[in-house]
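Heads up, the thing below is written out as C-alpha cells.
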Amino acid sequence: MKESFLKYQAQTTPHPLAMEISHADGSYIYDTNKKAYLDFVAGVSACPLGHNHPKVKAAIQAQLNKYLHVMVYGEYVQKPAVELTKLLAKHLPYPLEKTYLTNSGTEAIEGALKLAKRATGRSEIIAANKAYHGNTMGAMSVMGYEERKQAFRPLLPDIKFIEFNNEPDLNYITNKTACVILETIQGGAGFIVPSNNYLQKVRLKCNETGTLLILDEIQPGVGRTGKLFGFEHYNCIPDILVTGKGLGGGLPIGAFTASGELMDLLQDNPKLGHITTFGGHPLIAASALATLQEITESNLIPKTLEKEKLFRKLLKHQLIQDIRGKGLMLALMLPSAEIANELVLESQNQGLILFWLLFEPKAVRITPPLTISEEEIIKGCTIISNILDDILTKQQH
C-alpha cells in the first residue's frame, strides 16, 4: 500500500509520514499493524470531537439515507444547510447573520476577498506577514511568506503586508483599502495571540477608513480557544468571519459569514457573484450541524481552558522555551528545528501524534480533540517529557 501511495497519490513533501491507517476512534488512530496512536493533532484542528463520534456518525448516516447532492449551491432549500447556518447565526454577534457554505477554508477566503472588493469598490488588500489563509491563488496572495509563493507568481495585485501586533503599521490602512485580513491567532507563524488590544485597534482603524475587517478563524474557531470563536476573547467583531476545519467534524467544509446586507451583494451586479457546485453539501452540513450542536450544548468549551492549564502544568521542561497559543491551540517552542523534528518523529514511534507548524520550524503543534480526557493528556505529556529528557541527556554527553 505504501508503495502505491508514493507512486499514484500526489504528495506535498518529499518525506510524508506515511503511516498506514486502519481505523480511528475517540482520541486514537490505529495503523494496519494494530498499533494505537494517541492523537494530539486532530487532523490539524479539523476533528474537534475526535474520531468516529457517535452523534456525528449518526447524523451522517441519517442524511445518507435521505439524499446526497441534488442541486448547485443556493437554489434548493436543504434542511441540513439551513439549520447549520441558522445555528451559526444564533451563536454569532450582530450583524454576523448570513453564511455562505463552501467546500474548504481556502475557498471561503476566496469568497470573503471577493465580497470585500465587491462591497467597497476598492482593490487594495492588507494582510499580515507570516499569515496563512490557504493555498489557492487568492488565498496564497495574502500569505505572508514569499518562499512559498515565488514559484507561482504573478498573484493578486495591490496586496500590502503588515506585522501582526505592530500598531504603527496600522497607518497603512487608508480609504483605499478594501479589507484587512488577519488570523485571529496566527497559526503557521507559531500560534501568536493578539496583544495590547491589537484587534480592537485594527477594528477602529477599519471603521475610520471604511475598510472591511476579515478575521480568519479556520483554525481557532469552533471552540478550540475556550470560546466558540477566537475573536470573542478580544472584543473585536469582524465584518466577515471565515471558518472551516473543525466546523465539518471531520468532513471538508468552509464558510464565510457577514451581515445580510453585505452577503446579498453576491446575488446581483453581477449575478452569481460566487458560485460552487458542492458547497453546503447535505452530508457535510449534517456532520457540521451535529458537531456545532455538540460543542455548543456540552461543557467542552469551558473544559478546553481547564485542559490548557493541565498541558501548561505538565509541559514544564528545560527544552520547552515557551508554550504559545490559547485553549487547545498550543505550540511548544523548542531551542531548534532539529529538536522539534526529533520530538515529532520519536513521538510517533512511541504512539503519540504531534506535528509541525508551517513557518516556524522550532514549534511543535498540540491541537488535540476537544474531547480528549485528562488521563490522555497526562499520558501524552509524559511521552513528550521523556523524549525531551532523552534529547537533553544526549546533548549533555
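The values are calculated or read from the model by the stated rules, or taken from the named source; none is laboratory data. As the structure is a prediction and not an experimental result, all values here were calculated from the model. Here Cβ is always computed from backbone atoms with ideal geometry, including for glycine, and neighbour counts include all displayed protein chains.
Summary of computed values
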| quantity | calculated |
| --- | --- |
| Test: residue in the range 379-397 that is surrounded by 15 or more Cβ atoms within 10 Å (Cβ to Cβ), of a type in the set (A, V, I, L, M) and at pLDDT below 95 | no |
| Number of positions in the range 67-100 that are surrounded by fewer than 16 Cβ atoms within 10 Å (Cβ to Cβ) and farther than 12 Å from Ser259 by Cβ | 14 |
| Residue identified as part of a helix (DSSP H, G or I), under 30 Å from Tyr172 (Cα atoms) and of a type in the set (D, E, K, R) among Glu232, Glu308 | Glu232 |
| Residue in the range 323-335 that is surrounded by fewer than 20 Cβ atoms within 10 Å (Cβ to Cβ) and among the hydrophobic types (A, V, I, L, M, F, W, C) present | yes |
| Unique residue being of a type in the set (Gly, Ala, Ser) and more than 18 Å from the chain's Cα centre (by Cα) when the list is Gly138, Gly144, Gly50, Gly74 | Gly74 |
| Sole residue being more than 19 Å from the chain's Cα centre (by Cα), surrounded by 17 or more Cβ atoms within 10 Å (Cβ to Cβ) and either in contact (Cβ under 8 Å) with a residue 60 or more places away in the chain or assigned by TED's automatic domain parsing to the domain that holds Leu357 (or both), chosen from Ala59, Ala10 | Ala59 |
| Residue list for the range 277-325, filter: β-branched (Val, Ile, Thr), over 21 Å from the mean Cα position of the chain (by Cα) and assigned by TED's automatic domain parsing to the domain that holds Thr85 | Thr277 |
| Any hit, the range 188-202, residues being within 14 Å of the chain's Cα centre (by Cα), at pLDDT 95 or above and assigned to a helix (DSSP H, G or I) | no |
| Yes/no for Ile214 being assigned to a loop (DSSP other than H, G, I, E, B), in contact (Cβ under 8 Å) with a residue 60 or more places away in the chain and surrounded by 24 or more Cβ atoms within 10 Å (Cβ to Cβ) | no |
